[in-house]
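The values are calculated or read from the model by the stated rules, or taken from the named source; none is laboratory data. Treat the numbers as computed from the prediction; the structure is a model and nothing was measured. Note: ideal-geometry Cβ built from the backbone for every residue, glycine included; neighbour counts use all protein chains shown.
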Amino acid sequence: MEKSQKSKTIAYQEILALGTNLRELKTWHGVLHFMPYFLDAKIKRTPQEIQACAEIFDVVFQTLDTLITSADEHLTTLVKAK
């Protein structure tokens, strides 16, 4: 007797969603490329520039955290479904 095997497939929509997450992470990685400039201690900065840098860092950090959490949840859902 042959045992039937369930097909382990991933829906195209799931692939597109993961691709979108990856593109967003790559975009934010590009933003992080400029962070050393903002964090360079040799450059004197005004309080407004320091505040702006802090806000940029906060946005980048929160966005990356959200994207990573979303991707992790998405992958966990896919693994459990299979």
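Let's see how each residue does on (1) on the phi > 0 side of the Ramachandran plot; (2) exposed (fewer than 13 other Cβ atoms within 10 Å of the Cβ); (3) at pLDDT 85 or above:
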site	(1), (2), (3)
Ile15	no, yes, no
Leu18	no, no, no
Lys44	no, yes, yes
Asp58	no, yes, yes
Phe61	no, yes, yes
Leu67	no, no, yes
Ala81	no, yes, no
Problem set entry | Pair list, Cβ < 6 Å and 6+ apart or interchain, from the stretch 57-82 residues that are under 30 Å from Asp40 (Cβ atoms) to residues that are charged (D, E, K, R) and surrounded by 10 or more Cβ atoms within 10 Å (Cβ to Cβ) | Leu67/Glu24
Problem set entry | All positions within the stretch 10-35 that are among the hydroxyl-bearing types (Ser, Thr, Tyr) and over 17 Å from Val79 (Cα atoms) | Thr20, Thr27
For this session: Select from the stretch 13-56 the residues that are of a type in the set (Asp, Glu) and in a helix (DSSP H, G or I) and write down the one among them that is nearest to the chain's Cα centre (by Cα).
Result: Glu24
